[in-house]
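Participant: Sending over a structure as structure tokens; questions will come in a sec.
The values are calculated or read from the model by the stated rules, or taken from the named source; none is laboratory data. Fair warning: this is a prediction, and the values are worked out from it, not measured in the lab. Every residue, glycine as well, gets a Cβ built from its backbone with ideal geometry; the counts of neighbours run over all protein chains shown. Keep in mind that these areas ignore ligands, DNA and RNA; they rest on the heavy atoms of the full protein, side chains included. Shrake-Rupley method; radii C 1.70, N 1.55, O 1.52, S 1.80 Å.
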Amino acid sequence: MLDKIPMDQIISPMSDYYIFVAGGQTPCPITTIISYAPDSQGVKKQFTVYQSIYFLRWFHKKSTKGEDMKSIRVMCTIQEGSLGYTKIKQLESSIKDIYQKYFGPDYKLVFMWLTLPHGQAYLAGKLSAASSVQLPVQDGLPASRRHPFMSEVCAKWQEITGCTQDQIILASSDFTESEKFQRGLVNRFKPSKRKSTMLKMLMRFMMGRFKKGYYNTSVTL
Amino acid sequence: MPLYTVTTPKSLPNSRRVELANLIMNVHCGLTGAPETFVNVMFWENATLNDGVAMHVYGGIRKGRTAEMRETLQKEMSRRICQLMILTDKELETDMFEMPAQWIMEGGEILPEPGEEHLCEWLLNGHGTEHNQKAFI
């Protein structure tokens, strides 16, 4: 099963393309996901992942409420324990509102929160307290539209989290370049393990959502 | 920016992470002239890298430098990291990704293009010197 899924679909789990190939009909297998165990091996493990892909399809259809929505993956890297549920949901809601205000209502933002354990992020050679956000925008967007959008996102982040302006780093790159950057990150993994690594991360994002209410996992794989 | 992502199969001791973060900062700034306050280093651990590879370093850097500079940066970065971590050439993989400075906002301002940092008022006023760093052991 895993070999039949192209890499594009695994690294963009929320895209329509991924959902299309996952295909099939099945009820929401929440119990299957909960039963996923890291020590599962062989057939049982593959079966579990397969069921989870069906869940993604179900979840995506349910959450987009239409076929014209464009999913934007927003990668937020934050220090472990720095933001709680309320602030994270406020950030998700506010940034979505800003995005749709600037670029229209047809965009659905999917936030993926990566947490950095203490001691795993440095700025200028010292421990960093900064968060970084990758929030891609349409290709070729002129600076006259891109920069006001970025300023508003950063200002809102500061307002909600109470951080200083130095503690938020925002990258609003073109969609295409953002995907290339993400692909570069995936390519560091051993080719034969890329799919399983991405699926493992995906599962952890989803488990994080069940546990905390938003997609999250640690950078420690 | 730059944002260097260091990935290893096993966890590194804190002291090694600090050494490596400082080395990356020194090499990057020494060659490019970029301010130290721009240099982010992040550590991912427990990853399955290519056979025989003990460390992968992925550098997201600002676009606008020459191809020669980029090549020099990558080679020197590899050489110095291998020295520090006692790795062979084959045990370290490096890759670079360039992104326009105009797409990045730090300190509430759009990043200056490479070489134009001296024109950047917010940077000269001490961006990042205190507020975004934790006191370290």
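Participant: Residue by residue through the range B:54-67, what is 3J(HN,Hα) from phi via Karplus (6.51 cos²θ - 1.76 cosθ + 1.60, θ = phi - 60°)? Round to whole Hz and write x for glycine and proline.
Facilitator: 9, 7, 10, 10, 10, x, x, 10, 6, 6, x, 9, 6, 4
Participant: Let me ask you something else. Once you keep just the Cα pairs under 8 angstrom separated by 6 or more residues, what percentage relative contact order results for the range B:3-124?
Facilitator: 29 percent
Participant: Let me ask something additional. Note down the nm distance, to one decimal, between modelled labels 7 Å out along Cα→Cβ at residue A:143 and at residue A:93.
Facilitator: Label-label distance for residue A:143 and residue A:93, simple model: 3.6 nm.
Participant: Let me ask something additional. Check which residues have an amide H placed less than 5 Å from residue A:109's amide H, if you skip close sequence neighbours.
Facilitator: A:72
Participant: Also, I was wondering about something else. Please give the FRET efficiency for residue B:66 paired with residue A:211, using the beta carbon to beta carbon distance and R0 = 30 Å, rounded to the nearest 0.05.
Facilitator: My answer for the efficiency is 0.05.
Participant: Same structure again: Quick one: which of A:148-158, B:46-56, A:129-139, B:99-109 comes out on top by average Cβ neighbours within 10 Å, and what's the full order, highest first?
Facilitator: Details: A:148-158: 18.3, B:46-56: 16.5, A:129-139: 20.3, B:99-109: 21.8.
Ranking, from highest mean packing down: B:99-109, A:129-139, A:148-158, B:46-56.
Participant: Which of the listed residues, B:61, B:15, B:96, is farthest toward the dipole's positive end in chain B, when Lys, Arg count +1 and Asp, Glu count -1 at the beta-carbon?
Facilitator: So the residue furthest toward the plus end is B:15.
Participant: Turning to a different aspect of this structure: Where does chain B land at 222 nm, in deg cm²/dmol rounded to the nearest 500, when only DSSP H runs of n ≥ 4 count, each adding -39500 (n - 2.57), divided by all residues?
Facilitator: -10000 deg cm²/dmol
Participant: If you don't mind, another one. Going by amide H atoms built from the backbone, whose H comes under 5 Å of the H on residue B:97, apart from near neighbours?
Facilitator: Counting only residues 5 or more places away or on other chains, the set is B:59, B:60, B:61.
Participant: Now, a different point. Please list 3J(HN,Hα) in residue order for the range B:73-88, calculated via the Karplus relation 6.51 cos²θ - 1.76 cosθ + 1.60 where θ = phi - 60°; whole Hz, with x for glycine and proline.
Facilitator: Going residue by residue, I get 4, 5, 5, 5, 4, 4, 4, 5, 5, 4, 4, 5, 8, 6, 10, 7 Hz, with x marking Gly and Pro.
Participant: So, one more: List, in order, the whole-Hz ³J(HN,Hα) value for each residue of the range A:79-93 obtained from phi through the Karplus relation with A = 6.51, B = -1.76, C = 1.60 and θ = phi - 60°; use x for Gly and Pro.
Facilitator: 6, 4, x, 7, 10, x, 4, 4, 5, 5, 5, 5, 4, 4, 5
Participant: Rounding to the nearest 20 debye, state how big the charge dipole of the range A:70-179 is about its Cα centre with +1 on each Lys and Arg Cβ and -1 on each Asp and Glu Cβ.
Facilitator: The dipole magnitude comes to about 200 debye.
Participant: Here's another thing I want to ask about it. Given the options A:105, A:72, A:169, identify the residue whose Cα lies farthest towards the positive end of the charge dipole of the range A:70-179 (+1 on Cβ of Lys, Arg; -1 on Cβ of Asp, Glu).
Facilitator: So the residue furthest toward the plus end is A:105.
Participant: Can you tell me the dipole magnitude for chain B around its Cα centre, using point charges on the Cβ only (Lys, Arg +1; Asp, Glu -1), in Debye to the nearest 20?
Facilitator: Value, rounded to 20: 400 debye.
Participant: Oh, and also: Over the heavy atoms of residue A:210, what accessible area does a 1.4 Å probe trace out, to the nearest 10 Å²?
Facilitator: 90 Å²
Participant: Give me the one-decimal nm value for the distance between modelled label points at residue A:69 and residue A:106, 7 Å along each residue's Cα-to-Cβ direction.
Facilitator: For the pair residue A:69/residue A:106, the computed spacing is 1.5 nm.
Participant: Non-local amide H neighbours of residue A:220 (under 5 Å, H modeled in plane, Pro and chain starts lacking H): which ones?
Facilitator: B:45
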